[in-house]
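The next block holds one structure in the form of structure tokens; read it before the comments.
The values are calculated or read from the model by the stated rules, or taken from the named source; none is laboratory data. Note that the structure is a prediction, hence the values are computed from the model and not measured. Cβ coordinates were reconstructed from backbone atoms using ideal geometry, including for glycine residues, and neighbour counts include every protein chain displayed. Side chains are part of the model used for accessible areas, which takes the heavy atoms of the whole protein and leaves out ligands, DNA and RNA. Shrake-Rupley method; radii C 1.70, N 1.55, O 1.52, S 1.80 Å.
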Amino acid sequence: LELAVRGKLVEQDPNDEPASVLLERVSAEKSRLIKDKSIKQPKPLPKLNDEEVPFELPTLWEWCRLGEITNYGFSDKIEPSKAHTNLWVLELEDVEKETSKLLRKVRFQDRNFKSSKTIFKAGDVIYGKLRPYLDKVIIADEDGVCTTEMIPVRAYASSIKSSYLRLTMKSPNFKRYATESTHGMNLPRMGTDKARLALVPIAPELEQHRIVAKVDELMALC
């Protein structure tokens, strides 16, 4: 994962569209969603400075903040009265630490909840913000709801693949940042503002596919 997010796991292709163009598309889609009132106008984030950047990226890559490219922290909620019997109800305990393997899927009929839950969509990256060093990050394969200790993360444009985004959020650099950004002694969790400031290395779209395929191949060997 460390090699993957540094651009050292697969070869770069100079013919790939640069990540800067990809980010322009993300920005345009984000503006459209705000104009259509599909999403709220997020607070502006500070510009990147050279001192923040943890390592150098390949030529076609770009650094950006998680809050610039995703909906982190902006998710709808659902009350128990609106839930249906077969609704997937995800809790932190359902995800294995470090491997992020989904251990079980529990439905509302077997796990009634009393307070509001966070709604997620199929394809969202679900990030466990409580004790982030446990490294619980999955991609939802269907719609559902989750504990508020988990955050659904969705890029504003499909040019940033969920599988690549998940990989960056499981990388040692992101995990280190998340762990250092927690608050609360007994139940340390990463706050939304800190998470939105987190730096994410963005590869060209075609390279994202190559990286994810290579990581999957190597993880299978592991």
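Any idea what the dipole of segment 1-83 comes to, in debye rounded to 20, about its Cα centre with Lys/Arg Cβ at +1 and Asp/Glu Cβ at -1? Show your work: numbers first, answer last.
Numbers: 13 positive and 16 negative charges, 152 e Å.
I would put it at about 720 debye.
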Accessible area (Å², 1.4 Å probe, nearest 10) - residue 64: 0 Å²
Estimated distance in nm for a label pair at residue 13 and residue 28, the labels positioned 7 Å out from Cα along Cα-to-Cβ: 2.2 nm
Computed [θ] at 222 nm, helices only, for the chain once each DSSP H run of length n ≥ 4 contributes -39500 (n - 2.57): -8500 deg cm²/dmol
Portion, in percent, of the accessible area of segment 139-222 that falls on carbon or sulfur, probe 1.4 Å: 55 percent
For residue 189, residues with placed amide H under 5 Å, excluding near neighbours: 131, 183
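For segment 129-222, go through all pairs of different Cα atoms, get the mean of 1/r, take its inverse, and jot down that Kirkwood value in Å. Kindly include the intermediate steps, with their values, before the conclusion.
On the way: mean 1/r = 0.0688 Å⁻¹.
Result for segment 129-222 stands at 14.5 Å.
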The chain - charge dipole about Cα centre, Lys and Arg +1 at Cβ, Asp and Glu -1, debye rounded to 20: 980 debye
Whole-Hz ³J(HN,Hα) from phi, Karplus 6.51 cos²θ - 1.76 cosθ + 1.60, for segment 113-122, glycine and proline x: 10, 9, 10, 5, 10, 8, 7, 10, 10, 4
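Determine the share of segment 67-132's accessible area contributed by carbon and sulfur atoms, expressed in whole percent, with a 1.4 angstrom probe. The partial results should precede the final answer.
Numbers: 1500 of 3410 Å².
The C+S portion of the solvent-accessible surface of segment 67-132 is 44 percent.
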5 angstrom amide H check on residue 202, placed H, neighbours 5+ away: 62, 63, 64
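What size of dipole, in debye to the nearest 20, comes out for segment 108-222 about its Cα centre when the only charges are +1 on Lys and Arg C-beta atoms and -1 on Asp and Glu C-beta atoms?
Using Cβ point charges on Lys, Arg, Asp and Glu, segment 108-222 gives about 380 debye.
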Cut-off 16 Å (backbone N to label point 7 Å along Cα→Cβ of residue 134), residues of segment 85-107: 90-106
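Just to confirm the filter: which GluC sites (Glu not before Pro) across segment 1-93 are DSSP coil and have at most 11 other Cβ within 10 angstrom of their Cβ?
On the way: sites: 2, 11, 24, 29, 51, 52, 56, 62, 68, 91, 93; in loops: 11, 51, 52, 56, 91.
Those that pass, being in a loop and sparsely packed, are 11, 51, 56.
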Cα coordinate range in segment 1-148, projected on the principal axes (Å, largest first): 52, 38, 30
Dipole of segment 1-70, positive direction: furthest Cα of 23, 46, 59, with charges on the beta-carbon: 46
Degrees between helix 19-35 axis and first principal axis of the chain (Cα, 0 to 90, nearest 10): 40 degrees
³J(HN,Hα) computed for each position of segment 193-210 - Karplus, 6.51 cos²θ - 1.76 cosθ + 1.60, integer Hz, glycine/proline x: 4, 5, 5, 5, 7, 4, 7, 10, x, 9, 8, x, 4, 5, 5, 4, 4, 5
In sequence order, calculated HN-Hα J values of segment 178-190 (Karplus, 6.51, -1.76, 1.60; Hz; x Gly/Pro): 4, 5, 6, 9, 7, 10, x, 6, 6, 10, x, 9, 7
Segment residue 45-residue 148, length gained on full extension (0.36 nm per residue, minus Cα span): 34.7 nm
